[in-house]
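Heads up, the thing below is written out as structure tokens.
The values are calculated or read from the model by the stated rules, or taken from the named source; none is laboratory data. None of the values given here were measured: they were computed from a predicted structure. Heads up, the Cβs are rebuilt from the backbone with ideal geometry, glycines too, and the neighbour counts pull from every protein chain shown.
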Amino acid sequence: MTQRLNWESDGLKWPHRQHSRFVQAAGLRWHIQQFDSGLLAAPTALLIHGTGASTHSWRGLAPLLTPYFKVLSLDLPGHAFTGMPSGGASSSQLSLPGMAKAIGELLVLLDVRPALLIGHSAGAALAVRMALDGLARPDNIVSINGALQPLGGLAGQVFSPVAKLMSALPFVPSLFAWQATHPSVLQKLIDSTGSRLDAEGMALYGQLVSNAGHAAGALGMMANWDLPQLASDLPRLTVPLSLIVGSQDHTVQPRQAEQLVALWPASSACARPQLIKLPGLGHLAHEERPDLVAAHIFRQLGLASTRDEDCYQ
């Protein structure tokens with residue numbers, strides 16, 4: 001059995017550890033973090049990380065949202081401190097609809113009805129899928145460098161088959177994790193996103209990608225991902241969608257968001273998505289400049305004045 005991260009040892013210095021707890025839902029043991037708000041009747045914002053990340057990626061943004069929202073973040077199935085589905089890398093719970101359904105069951109258990117879904121990369125696809133499938137009924141969805149469309153060209157033809165092959169080989173996660181222990185490998189992984197992280201961010205990703213259990217979860221998610229169906233279902237979305245895009249994102253090219261907005265059908269049940277570009281930021285924009293991302297979210301929701309936003313520039 002692939003060794004997974006241990007909360008009592010690996011989680012001792014985890015960001016916002018005091019907000020963490022573990023719950024059982026959908027056959028999984030979930031690691032979640034919950035932040036209270038200064039408002040008694042504050043709505044809830046659900047934060048969904050992308051492939052290979054965890055709750056740590058929201059360490060800067062989550063506290064900035066609490067003046068207006070209660071905040072719930074989670075480790076996706078097979079990631080960080082949330083358990084791997086019983087079916088392993090081939091489990092349907094690592095697919096887009098499967099993960100969305102599992103998160104929906106978690107929300108029912110917690111009796112949480114998020115008014116705002118914020119998803120990064122593949123997490124944005126999960127947020128949209130949950131809204132489309134009635135697993136959440138938010139007032140708004142915010143996508144941060146969202147992976148909402150299939151990869152084009154050669155990458156699209158190769159990515160899924162290769163991921164399926166890698167996830168099926170039991171030694172691959174351990175091999176990947178061993179390689180990731182080398183600082184130069186980790187640096188190349190982060191550089192490939194177009195982002196620059198501080199020492200804490202680098203150390204946290206190093207802890208994740210060097211763990212074979214986490215690597216297995218990320219590979220399994222990639223192997224089971226199916227974006228063509230989501231792309232065809234997008235016009236049915238009835239929730240306002242905002243697209244925050246880092247101009248230096250090398251993982252999900254900014255032109256994907258631009259194309260999504262340009263090709264949004266006039267017959268769609270929802271208005272054309274709002275596109276916000278962040279110059280100089282990469283795929284991990286919310287970790288590079290959580291203050292700037294928060295300011296744009298507040299502006300889109302009408303929660304901050306222009307003067308307030310100027311302070312974040």
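Annotations
- Test for Thr44: is it of a type outside the set (Asp, Glu), at pLDDT 95 or above, out of contact with any Ser or Thr (no Cβ under 7 Å at 6 or more places or on another chain) and over 30 Å from Ala89 (Cα atoms): yes
- Screening Val112 with (1) surrounded by fewer than 18 Cβ atoms within 10 Å (Cβ to Cβ); (2) at pLDDT below 95; (3) among the β-branched types (Val, Ile, Thr) gives one miss only, at (2).
- Meets criteria (farther than 19 Å from Leu237 by Cβ, in contact with a Ser or Thr (Cβ under 6 Å, 6 or more places away or on another chain) and not polar (S, T, N, Q)) for Ala124: no
- Just one of the numbered conditions (1) at pLDDT below 95; (2) surrounded by 21 or more Cβ atoms within 10 Å (Cβ to Cβ); (3) among the hydrophobic types (A, V, I, L, M, F, W, C) is not true of Leu278: (1).
- Residues of region 68-81 satisfying the condition of being out of contact with any helix residue (DSSP H, G or I) (no Cβ under 8 Å at 6 or more places or on another chain) and not in a strand (DSSP E or B): Phe69
- Gly52 meets all of the listed conditions (1) part of a loop (DSSP other than H, G, I, E, B); (2) farther than 28 Å from Leu230 by Cα but one, namely (2).
- Residues in region 207-226 that are among the small types (Gly, Ala, Ser), within 12 Å of Asp10 (Cβ to Cβ) and either in contact with a Gly (Cβ under 7 Å, 6 or more places away or on another chain) or assigned to a helix (DSSP H, G or I) (or both): Gly213 alone.
- Every residue from region 245-272 that is in contact with a helix residue (DSSP H, G or I) (Cβ under 6 Å, 6 or more places away or on another chain) and in contact (Cβ under 8 Å) with a residue 40 or more places away in the chain: Val245, Gly246
- Identity of the residue in region 170-203, assigned to a loop (DSSP other than H, G, I, E, B) and of a type in the set (Val, Ile, Thr), that ends up modelled with the lowest pLDDT: Thr181
- Pair list, Cβ under 7 Å, 6 or more apart: region 96-119 residue under 9 Å from Leu135 (Cα atoms), other residue charged (D, E, K, R) and not in a helix (DSSP H, G or I): Ala100/Asp133
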